[in-house]
Amino acid sequence: MPQPKFPNIFQRKALDLINDLIPLSESVFFLVEPDMRHRGAVVYKSGSDIEKQYETTYRNMDPLNPERFNRSVERVVTLDSQMSPHLLKQTIYYQEFMVPNNHRYVADIFFRSEERIIAVLSMLREERLGNYSDDELQLLRKLQPFLEYSLNAVYLPHRNAERSSITDKYALTERELDVLELLLSGSSNKEIAVDLGLGLATVKTHLHHIFQKVSVQSRSELIASVLLDLQA
């Protein structure tokens, strides 16, 4: 079967690279809408619904919420640089989100286009791994310009062009496009639900609507049809 073109492959490869370079418990690479909400999140090493939890309940409590840095020039920021451990451990965010997910140390890489944050690569560590060293943070700062250039010059234009072509042909909604993108990358319904922060029943409903709009009866037919369109 040909490699799907409708990509989140850049996000996955970037997460592979970061996890090869420094020890992490989990990581996530997500795109940021103009309203600062997440879209197109790719989660690495997580079997939980962490992205759904974060987006629906805890995003506004996060000291590293991208909205707080949208007008800054910060490239790499750690949680402990924004709040002392003593104060952090008193917050609902720490007690109800970080502790249950076994997170202690966080570092985020911000990617911008025309000064606006358009994506974030968030790196999470449990207590035993320790905080990020100066050398690790320096390495991440050196990687940031290359990843940001690739994101702006190659990945997002290609991704947006393919999403637009599918939208024009089948009149899919943005969320249906998100579901389709993950389906083409090989994700199961459960994985799609986790990545998009949706219930499993909602994912099945979106897939039903996509099948109807593309006039197919199965996942294999859908993948074959869309890949043919993208290769045209």
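Counting only residues that are crowded, with 16+ Cβ neighbours inside 10 Å and either modelled with pLDDT under 95 or among the hydroxyl-bearing types (S, T, Y) (or both), give me the helices (runs of 4 or more DSSP H) lying completely in segment 50-97 with at least 2 of them.
Fully inside segment 50-97 and qualifying: 50-53.
What are the residues in segment 163-200 that are under 23 Å from Y44 (Cβ atoms) and either charged (D, E, K, R) or without any contact (Cβ under 8 Å) to a residue 12 or more places away in the chain (or both), if any?
R163, R175, D178, E181, S187, S188, K190, E191, D195, G199, L200
Can you list the helices (runs of 4 or more DSSP H) lying wholly within segment 124-232 that have 1 or more residues being within 18 Å of the chain's Cα centre (by Cα)?
By residue number, 134-150, 156-170, 174-184, 189-196, 200-214.
With the condition kept exactly as written, say whether any residue in segment 20-41 is part of a helix (DSSP H, G or I) and at pLDDT 95 or above. Give the steps one after another, and end with the answer.
Here is the first cut: in segment 20-41, the ones part of a helix (DSSP H, G or I) are 20-21.
When the remaining residues are screened for being at pLDDT 95 or above, the result is 20-21.
Scanning segment 20-41, I find at least one residue that is part of a helix (DSSP H, G or I) and at pLDDT 95 or above, so the answer is yes.
Determine, yes or no, whether Y44 is surrounded by 15 or more Cβ atoms within 10 Å (Cβ to Cβ), in contact with a Leu (Cβ under 8 Å, 6 or more places away or on another chain) and without any contact (Cβ under 8 Å) to a residue 24 or more places away in the chain.
No: the conditions fail for Y44.
How many residues are among the small types (G, A, S) and either surrounded by 19 or more Cβ atoms within 10 Å (Cβ to Cβ) or not assigned by TED's automatic domain parsing to the domain that holds V226 (or both) if we restrict to segment 191-214?
Total meeting the criteria: 1.
Six or more apart or on different chains, Cβ under 7 Å: which pairs go from a residue in segment 126-138 that's at pLDDT 95 or above to one that's assigned to a loop (DSSP other than H, G, I, E, B) and among the charged types (D, E, K, R)? Could you list them?
That search, which allows pairs on different chains as well, returns E126/R104; E127/R104.
What number goes with the only condition from (1) modelled with pLDDT of 95 or more; (2) in a loop (DSSP other than H, G, I, E, B) that N101 does not pass?
(1)
The values are calculated or read from the model by the stated rules, or taken from the named source; none is laboratory data. These numbers come from a predicted model, not from an experiment. Neighbour counts are summed over all protein chains in view; Cβ atoms, including those assigned to glycine, are modelled from backbone coordinates with ideal geometry.
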